[in-house]
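Participant: Pasting a structure here, questions to come.
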Amino acid sequence: MRALSIALLPVLIFAAFAPNRSLAVEQYPVRVVVMTAFEIGKDIGDKPGEFQNWVERLPLDEVIPFPQGYRALRYNREKQVLGIVMGEGPTRAAASIMALGMDPRFDLSRAYWLMAGIAGVNPNQSSVGSAAWAEWVVDFDLRYEMDRRDIPADWDVNMVPLTTSKPFSQPRPKSDGVAGTSAFHMNPDLVNWAYKLTADTPLDDTPTLVAVRAGYPDFPNAQKPPHVMKGDEISGATWWLGYHLNSFNEKWMQYWTDGHGVMVTTAMEDSGLLQSLTFLDGAKRADFSRVLILRTASNFTAPAKGRTAAQFLAEENAGDSASNLSGYRPSLEAAYRVGSRVVLELADHWDRYGQAAPGSIESGKR
């Protein structure tokens, strides 16, 4: 009898902890996840952050409690679109997306993931109010750094890739090594599809944007009215600015992508959320090939002609939130206007895109 009881112990333990049908949580099918970093106040009806346009206009009218995250989720049951506010910075984004990916209420294994948020923009490449689809996202934080007063006389920068001993050492380290992931490569077929779908999206060109662009007469691309483009992103917790760091990050992008990437935008969350989605893909709880990064330009990364970096910081940071950035409102509008075209196309034609990603369909890949 004693031997029989011991033999049955695993079965009894399983029965005690097995899911109880009466306690089963509601399941939410998800076709698209919309990721944003912040919301200023309420989800609707007040000064908007990145989330509010999606809640009000898609709409995301159903509230889903999310106590393990930064803020309650929002959901459109008809279109099966889920929205999340992750919190600002890579650590909050990584924690939020991992918490969502492991939540048993959601089967996200075939979902598309769209990051739709504001960003700084490189005046060498584009203009405020514009929108850029990224194929490459490169981490800004994984590095050694010295005080500039301590660097050798023959160095022109004080930042060094991890596991090396000189700036831009060759051969460069693996982009996915023991120190972490330094460069994330999106599915180029999907990125190209999203860009082609949205390239003709009209974007607002306000008097404020015209005035901001006027401060960059020596930068032809900064003079262009808002437009949709492809452009890659530097991502990190530090909100940097100024022409010296702008030049460094152009080289940092080229270094980690072997010359394939072009630094157009800079933002804070995407290295974190992409790391989580990489791990979730490994666990078969997400599909990294279905991830899209859309960043819209709320401010330049360097000052207007005749202004110092410190003056630029004071001007862009005149208040207590991102809503004081020179291109803030147009960038929010661009994020929704461009991003929603992709979200609605995917959600409304799930019979076409559920089994195979749109870029794969067009290229013949499966």
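The values are calculated or read from the model by the stated rules, or taken from the named source; none is laboratory data. Only a predicted model underlies this, so the values are computations on that prediction, with no experimental measurement involved. A quick note on method: Cβ atoms are made from the backbone with ideal geometry, for glycine too, and the neighbour counts reach across all protein chains shown.
Participant: With the condition kept exactly as written, say whether any residue in segment 348-360 is surrounded by 24 or more Cβ atoms within 10 Å (Cβ to Cβ) and touching a residue at least 40 places away in the same chain (Cβ under 8 Å).
Facilitator: Checking segment 348-360: not a single residue is surrounded by 24 or more Cβ atoms within 10 Å (Cβ to Cβ) and touching a residue at least 40 places away in the same chain (Cβ under 8 Å).
Participant: Tell me yes or no: at least one residue of segment 272-281 is within 18 Å of the chain's Cα centre (by Cα), free of Cβ contacts under 8 Å to residues at least 60 places away in the same chain and not in a loop (DSSP other than H, G, I, E, B).
Facilitator: Yes; the residues of segment 272-281 include at least one that is within 18 Å of the chain's Cα centre (by Cα), free of Cβ contacts under 8 Å to residues at least 60 places away in the same chain and not in a loop (DSSP other than H, G, I, E, B).
Participant: While we're here: Looking only at segment 112-131, which residues are assigned to a strand (DSSP E or B), closer than 17 Å to Arg213 by Cβ and more than 11 Å from the chain's Cα centre (by Cα)?
Facilitator: Residues satisfying the conditions are Gly120, Val121, Ala131.
Participant: While we're looking at this one, here's another question. Any residue in segment 83-102 that's surrounded by 24 or more Cβ atoms within 10 Å (Cβ to Cβ): show its pairings with residues that are in a helix (DSSP H, G or I) and among the polar types (S, T, N, Q) at Cβ separation under 7 Å, as long as the two are six or more apart or on different chains.
Facilitator: Going by the 7 Å Cβ cut-off, the qualifying pairs are Ile84/Ser96; Met86/Ser96; Pro90/Ser271; Ile97/Ser276.
Participant: Would it be correct to say that Arg295 is out of contact with any helix residue (DSSP H, G or I) (no Cβ under 6 Å at 6 or more places or on another chain) and outside any helix (DSSP H, G or I)? I'd like the intermediate steps shown before the answer.
Facilitator: Details: out of contact with any helix residue (DSSP H, G or I) (no Cβ under 6 Å at 6 or more places or on another chain): yes; outside any helix (DSSP H, G or I): yes.
Yes.
Participant: Under 8 Å between Cβ atoms, which residue pairs at least 6 apart in sequence (or on different chains) link something in segment 191-210 that is surrounded by 19 or more Cβ atoms within 10 Å (Cβ to Cβ) and outside any loop (DSSP other than H, G, I, E, B) with a partner that is modelled with pLDDT of 95 or more and among the charged types (D, E, K, R)?
Facilitator: Qualifying pairs under 8 Å: Val191/Glu135; Val191/Lys230; Tyr195/Lys230; Thr198/Arg341.
Participant: Against the conditions (1) at pLDDT below 95; (2) surrounded by 19 or more Cβ atoms within 10 Å (Cβ to Cβ), where does Asp176 fall short? Just the number, please.
Facilitator: Of (1) at pLDDT below 95; (2) surrounded by 19 or more Cβ atoms within 10 Å (Cβ to Cβ), only one is false for Asp176: (2).
Participant: Right, here's the next one. I need a count of the residues in segment 78-111 that are under 13 Å from the mean Cα position of the chain (by Cα) and of a type in the set (Ser, Thr, Tyr).
Facilitator: 2
Participant: Pick from Ala304, Ala310: which is small (Gly, Ala, Ser), more than 21 Å from Ser109 (Cα to Cα) and touching a Phe, Trp or Tyr at 6+ places or on another chain (Cβ under 9 Å)?
Facilitator: Answer to the check: Ala304.
Participant: Can we say Leu344 is buried (at least 20 other Cβ atoms within 10 Å of the Cβ), modelled with pLDDT of 95 or more, of a type in the set (A, V, I, L, M, F, W, C) and outside any loop (DSSP other than H, G, I, E, B)?
Facilitator: Here the answer is no, as Leu344 does not meet what is asked.
Participant: Here is a follow-up. Condition test on Asn53, is it modelled with pLDDT of 80 or more and among the polar types (S, T, N, Q)?
Facilitator: When the stated conditions are applied, Asn53 passes them.
Participant: When you check Thr164 against the structure, is it over 22 Å from Leu273 (Cα atoms), of a type in the set (Ser, Thr, Tyr) and under 21 Å from the mean Cα position of the chain (by Cα), yes or no?
Facilitator: Here the answer is no, as Thr164 does not meet what is asked.
Participant: Within segment 27-39, track down each residue that is in a loop (DSSP other than H, G, I, E, B) and either in contact with a Cys (Cβ under 9 Å, 6 or more places away or on another chain) or under 18 Å from Ala111 (Cα atoms) (or both).
Facilitator: Gln27, Val30, Arg31
Participant: If only one of Glu56, Glu50 is part of a helix (DSSP H, G or I), under 19 Å from Tyr336 (Cα atoms) and either among the small types (Gly, Ala, Ser) or in contact (Cβ under 8 Å) with a residue 12 or more places away in the chain (or both), which one is it? Let's see the steps before the verdict.
Facilitator: Values: Glu50 fails: part of a helix (DSSP H, G or I).
That would be Glu56, the only listed residue that is part of a helix (DSSP H, G or I), under 19 Å from Tyr336 (Cα atoms) and either among the small types (Gly, Ala, Ser) or in contact (Cβ under 8 Å) with a residue 12 or more places away in the chain (or both).
Participant: Sticking with this one: For segment 211-239, name all the residues that are surrounded by 14 or more Cβ atoms within 10 Å (Cβ to Cβ) and at pLDDT below 95.
Facilitator: Selection gives Trp239 alone.
Participant: Here's another thing I want to ask about it. Out of all the residues in segment 60-77, which are assigned to a loop (DSSP other than H, G, I, E, B), under 21 Å from the mean Cα position of the chain (by Cα) and of a type outside the set (Gly, Ala, Ser)?
Facilitator: Of everything in segment 60-77, those that are assigned to a loop (DSSP other than H, G, I, E, B), under 21 Å from the mean Cα position of the chain (by Cα) and of a type outside the set (Gly, Ala, Ser) turn out to be Leu60, Phe66, Gln68, Tyr70, Arg71.
Participant: Being closer than 18 Å to Arg31 by Cα and hydrophobic (A, V, I, L, M, F, W, C) is the filter here, so list the residues in segment 274-289 that pass it. Please lay out each step first, then the result.
Facilitator: Quick first cut of segment 274-289, residues closer than 18 Å to Arg31 by Cα only: 277, 280-281, 284-289.
Once the filter is applied, which keeps residues that are closer than 18 Å to Arg31 by Cα and hydrophobic (A, V, I, L, M, F, W, C), segment 274-289 yields Leu277, Leu280, Ala286, Phe288.
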